[in-house]
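Structure record follows, encoded as structure tokens.
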Amino acid sequence: MTPARIPVVVLVEEETDERLFIAEHLRDAGFDVLQAEDTTTGLRLLEEHGEAEALVTDAHVPGDIDGHELARLARERWPEMTVVMMSGHSDETSGPLPPGAVFVSKPDLTSRLVPVLRSAMDRD
């Protein structure tokens with residue numbers, strides 16, 4: 001019997017405590033999590049790990065590009081990739097979501113992130 005494949009998620013969040021909390025939350029839900037504190041590292045992880053199935057990124061994160069641009073690039077380069085944008089001080093209208101991306105507000109992360117991510121992965 002082949003063991004179940006664990007979905008790989010690239011998580012981009014600049015705040016260390018938040019990133020560690022979100023990563024643990026995703027791991028507890030059965031995901032393998034690669035972490036980045038900025039978009040430059042996040043994009044590098046996406047390029048190096050072709051097995052990544054999802055990107056979860058803060059909308060406003062440092063790096064060569066912002067989270068919105070990272071999400072757009074991910075959907076362009078890897079159209080099958082699930083993209084979840086999150087933010088604590090904005091909503092989905094604060095910047096354009098790329099086609100197929102979904103938004104979760106940070107106050108709702110513990111209740112909504114995993115169900116939204118799973119639903120989007122099933123849809124994609």
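Using only the Cα atoms of the chain, what semi-axes does the equivalent ellipsoid have when each is the square root of 5 times a gyration tensor eigenvalue? Give whole Å, largest first.
Semi-axis lengths for the chain are 20, 16, 15 Å.
Please identify, among G42, G100, G67, the residue showing maximal mean-square fluctuation in a Gaussian network model of the chain using a 10 angstrom Cα cutoff.
Checking each option, the largest mean-square fluctuation is seen for G100.
What are the principal axis extents of the Cα atoms in the stretch 39-79, in Å, biggest first?
Between the extreme Cα coordinates on each principal axis of the stretch 39-79 lie 25, 17, 14 Å.
Need the C-alpha centroid separation for the stretch 106-124 versus the stretch 1-67, integer Å.
Between the Cα centre of the stretch 106-124 and that of the stretch 1-67, the gap is 14 Å.
Quick check for me: using +1 on Lys/Arg Cβ and -1 on Asp/Glu Cβ, what's the dipole size of the chain about its Cα centre, in debye to the nearest 20?
440
None of the figures in this text is laboratory data; all of them are computed from the coordinates on show. Worth saying up front: this structure is predicted, and the values here are computed from it rather than measured. Heads up, the Cβs are rebuilt from the backbone with ideal geometry, glycines too, and the neighbour counts pull from every protein chain shown.
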